[in-house]
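Report on the following structure.
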Amino acid sequence: MPVAAVKPRTLKELRESGWKSKSVKQELRDNFIRALADGDDLFPGIVGYDDTVIPEISLAVLAGHDMLFLGEKGQAKSRLMRLLSRFLDEEIPYLDIPDVPVHEDPYRPITAKGKQFLAETPEDEVPIAWWPRDRRYAERLAPGTKFADIIGEIDPARLAGGVSLSAEEALYFGLIPRMHRGIFAMNELPELDELVQVGLFNILEERDVQIRGYPVRFDLDVLILFSANPATYNRSGKVIPQLKDRIGSVILTHYPLDRHSAAAITEQEADIPLDGEYPVVVPYFMKEIIEQISMAARRSKYVDHQSGVSARLSIANYRTMVASARRRGVVLGEKPAVPRISDLAHLSSSALGKLELDLMAGHQMTEKQVLDAILAEAIRDVFQEYVDEHGLAEIAEVFGRGTKIEVGDLLPSS
Ligand SMILES: Nc1ncnc2c1ncn2[C@@H]1O[C@H](COP(=O)(O)OP(=O)(O)OP(=O)(O)O)[C@@H](O)[C@H]1O
Ligand SMILES: [Mg+2]
């Protein structure tokens, strides 16, 4: 919703401004519809998902669903989740009163303190502040996340010592209650402790939760996003069925469908300058080899398919390749430096640790050996495609003209 030139600072001014209260999902839907109607780039920076993933997310937003992003590692799940905050209002008003741990809707407070303040204070004395879009998104990684972190905790000392405190007043708010009117993303949902899953389900579905045996009730308004790897998500017992059941839409992500879009992602994400004092010019076939390495790894029988091979592998390998060429450029004063096959010998530094070996297959290969085999396969495949396309004759002719080639990562290009 557009904010007036002079932002309302009291509840009275807010009412006069015509501001209307909406749920997060309503707000997201309204702004999303506007962006869709205007033909905006809905998810800037996302490559190759125009026909598969983005339509699914669009429907989920329009349907007002919580979402689970299901896919192997490095498929832009986290990136997509963060991008959803684009569709929040630029700012929303909240009750600017001390000791209330949530950003209360000025028309519909959910805490006892908020409600009481409204009841006792004339509207032109109720202070309003504004909560910006980028503060309304929070995320957590499931492993190690405790009940108290994301749901809450009751301080028994305060309950025992206080003057007839209600449970709510002795409550320490976890991250989800504090994200009331915002977006909360939980990464790697299957790794979330079962007790926390139950708490999460209760707080979202029943709106109340037992903390240390004390029932606490809130009308929380949060859009919840989850991410998970399909292999663990589908393993029975990892995610409680009630929670699965509550997730409105499942968005299946995937790796780039072709090498060209894979290369576009890598170039965009590598964030390494090619110009400067020692410029580097990357031939397209070298980019293709970098992508072919990841594609070969995703197919390799030595690599754990369930875990996947992230886009980060291509991105890191690309940077190492450019770095190796640049080092040569600096040492030999070569401008521009051009990456070559021998530069790929350094890829183990960026690739190791990014391949998870398939231990069940019972191979006795080390990660380095697997990587070398994948590298050789990728180079061969790309080279073969060029031979198929241009013919060996064309390539042989270049050598036939007396070209001698000596290669190595520290020999000059010409
Ligand atoms: N389709 C894509 N478009 C743009 N960038 C992408 C795409 N796929 C992967 N990436 C890039 O790959 C990197 C990893 O993405 P991200 O962290 O969002 O993955 P993820 O699916 O959350 O992975 P994980 O399961 O490991 O958390 C980011 O730099 C991201 O921009
Ligand atoms: Mg992620």
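The values are calculated or read from the model by the stated rules, or taken from the named source; none is laboratory data. The structure presented is a predicted model; accordingly, all values stated were derived computationally and were not measured. Backbone-built Cβ (ideal geometry, glycine too); neighbour counts: all protein chains shown. Just so you know, the surface numbers come from the protein's heavy atoms only, side chains and all, with ligands and any DNA or RNA stripped out. Shrake-Rupley method; radii C 1.70, N 1.55, O 1.52, S 1.80 Å.
Data table
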quantity: In the stretch 34-87, the residues that are among the aliphatic types (A, V, I, L, M) and more than 16 Å from ligand 2 (Cβ to nearest atom); calculated: Ala35, Leu36, Ala37, Leu42, Val47, Ile54, Leu59, Ala60, Val61, Leu62, Ala63
quantity: Flag if Pro98 is of a type outside the set (Val, Ile, Thr) and without any contact (Cβ under 8 Å) to a residue 12 or more places away in the chain; calculated: yes
quantity: Single residue of Ala311, Ala296 found to be open to solvent by less than 40 Å² (accessible area, probe 1.4 Å) and either under 24 Å from the mean Cα position of the chain (by Cα) or in the same structural domain as Gly74 (by TED's automatic domain parsing) (or both); calculated: Ala311
quantity: Residue among Glu269, Glu277, Glu288 that alone is among the acidic types (Asp, Glu) and open to solvent by less than 50 Å² (accessible area, probe 1.4 Å); calculated: Glu288
quantity: Qualifying residue in the stretch 179-196 (condition: at pLDDT 85 or above, surrounded by fewer than 14 Cβ atoms within 10 Å (Cβ to Cβ) and either assigned to a strand (DSSP E or B) or away from ligand 1 (no atom under 16 Å from the Cβ) (or both)); calculated: yes
quantity: Filter result for Thr320 (outside the structural domain of Ala231 (by TED's automatic domain parsing), within 17 Å of Ala76 (Cβ to Cβ), surrounded by 17 or more Cβ atoms within 10 Å (Cβ to Cβ) and of a type in the set (Ser, Thr, Tyr)); calculated: no
quantity: Selected residue [aliphatic (A, V, I, L, M) and either within 13 Å of ligand 1 (Cβ to nearest atom) or open to solvent by 40 Å² or more (accessible area, probe 1.4 Å) (or both)] from Ala37, Ala60; calculated: Ala37
quantity: Flag for Ser78 being among the hydroxyl-bearing types (Ser, Thr, Tyr) and not in a loop (DSSP other than H, G, I, E, B); calculated: yes
quantity: Hits in the stretch 46-81 - residues which are of a type outside the set (Val, Ile, Thr) and out of contact with any helix residue (DSSP H, G or I) (no Cβ under 9 Å at 6 or more places or on another chain); calculated: Asp50, Asp51, Pro55, Glu56, Leu59, Ala60, Lys77, Ser78, Arg79, Met81
quantity: Residue check for Pro55: closer than 30 Å to Thr232 by Cβ, of a type outside the set (Asp, Glu) and not assigned by TED's automatic domain parsing to the domain that holds Ser314; calculated: yes
quantity: The stretch 195-221 residues that are under 18 Å from Ile110 (Cα atoms), paired with ones that are assigned to a helix (DSSP H, G or I) and open to solvent by 10 Å² or more (accessible area, probe 1.4 Å) (beta carbon under 7 Å, 6 or more apart); calculated: Leu204/Arg246; Glu205/Arg246; Asp208/Asn202; Val209/Asn202; Tyr214/Ala167; Val216/Ala167; Val216/Glu168
quantity: Failed condition for Tyr49, given (1) near ligand 1 (Cβ under 8 Å from one of its atoms); (2) closer than 26 Å to Lys22 by Cα; (3) hydroxyl-bearing (Ser, Thr, Tyr); calculated: (2)
